[in-house]
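What follows is a short report on a single structure.
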Amino acid sequence: MTVAEGILEGAVDLHRHGYPEISDDLRTPVSDVDDVTTCRDAGMRGVVLKSHVWPTIGRAQMVARAVEGIAVIPSITLNRFAGGITPDIVEMAVKQGAGVVFLPTVSAASDLARGGISARIAGVIDRFDPARESGTRILTDDGDLTADTADLLDVLDDFPVLVYSGHVSTTETIALLKTGRLSDRYVFAHPDSHSIGARADEMVEAARLGAFVEICALGAYPQIGRVTHADLAGMVRLVGAERCVATSDYFFDWSPSSSTMLQDLADGLADAGLSRRELELIFRDNPAHLVHNHL
């Protein structure tokens, strides 16, 4: 038995896009039902459906009815399209079953400044112009939480859901974590990505303050090519496997199935020297802990 063999038994993918996402033209290789079926058949315990654009509550309910034996967890991403950082929208989504709240991605001021997913959307949606977007900020110019963000934290105090950093800046992530109100239920999303660009010391600080650092399969594929499996293993060693989660970030038409992406990642991390126990933590134990109320 290899180090990574069977690692998907009981695994949970916290970051999986579905179809449609952004545009009908941006297809995934297969339908959500077929892909989630593959996840279940691989032994996975759950998947989170994410969209940059719409809440995935209805989609998750339909997929869950079609695919028994695996938890299909809905989410909301607080972009302008879905209402932004608005307390009643967050409360409504959570009361309808959302298990994960993603902070802004395409609408984040940081993403717009860095030319992240906002630039890709601009290439697909004619009427979306990043230059005309004001951008959502978590902090004021003085470094304090914005009023909207303070209201959001009040809502999240009442609902123990998982919060994902989305594409807000590393500075904003650190400021949120320093409040102590999201400790042990916050994921620092793909800090190695162009959308984030975090330094090693910032990843360490985020983990110290109670975040889990995302180790994302997508970036290691040659079509993206931003990182190697050895680089990702280095991130795990940097902050410790007990503070990491492995995800697919399944999205594009060239992607393997999301479960294959996770297995490829596990194999690559094992080849880079991670132990079986480290893999169990980042693929199984930590993700399941973060969404345990929805499994």
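Annotations for the structure displayed:
- Ratio of Rg to Rh over the stretch 45-203 (Cα coordinates, Kirkwood Rh, two decimals): 0.96
- In loop segments of the stretch 64-131 as defined by DSSP, the trypsin sites (Lys or Arg not before Pro) with at most 11 further C-beta atoms inside 10 Å of their C-beta are 127.
- Label-point separation in nm, residue 124 to residue 237, each point 7 Å along Cα→Cβ: 3.7
- 222 nm mean residue ellipticity, helices alone, for the chain (DSSP H n ≥ 4; -39,500 (n - 2.57); rounded to 500): -10000 deg cm²/dmol
- Structural descriptor for the chain: relative contact order 21 percent, calculated from alpha carbon pairs under 8 angstrom and at least 6 residues apart.
- Mean-position separation - Cα centroids, the stretch 154-204 and the stretch 226-295, in angstrom: 18
- Sulfur and carbon atoms: percent of accessible area, the chain [1.4 Å]: 49
- The ellipsoid that matches the Cα gyration tensor of the stretch 1-125 has semi-axes, each √(5λ) in whole angstrom, of 27, 18, 14, with the longest given first.
- Summed over the residues of the stretch 223-273 and divided among them, the accessible surface reaches 35 Å² per residue at a probe radius of 1.4 Å.
- Stretched out straight at 0.36 nm per residue, the stretch from residue 9 to residue 184 would grow longer than its current Cα-Cα span by 60.6 nm.
- Taking θ as phi - 60° and the Karplus parameters 6.51, -1.76 and 1.60, the scalar couplings of the stretch 209-217 work out to 8, x, 8, 9, 8, 7, 10, 9, 5 Hz in sequence order, x denoting glycine and proline.
- The packing ranking of peptides 102-110, 201-209, 143-151, highest mean first, is 102-110, 201-209, 143-151, where packing means the average number of other beta carbon atoms within 10 angstrom of each residue.
- Pairs of Cα atoms in the stretch 82-145 fall into 5 Å distance bins, from 0 up to the last occupied one, in shares of 3, 16, 21, 20, 17, 16, 6, 0 percent.
- A simple packing score, the average count of other Cβ atoms within 10 Å per residue, orders the peptides 232-239, 12-19 as 12-19, 232-239, with the highest score first.
The values are calculated or read from the model by the stated rules, or taken from the named source; none is laboratory data. Only a predicted model underlies this, so the values are computations on that prediction, with no experimental measurement involved. Note that each Cβ is placed from the backbone with ideal geometry, even for glycine, and that neighbours are counted across all protein chains shown. The area values use the complete protein model at the heavy-atom level, side chains included, leaving out ligands, DNA and RNA. Shrake-Rupley method; radii C 1.70, N 1.55, O 1.52, S 1.80 Å.
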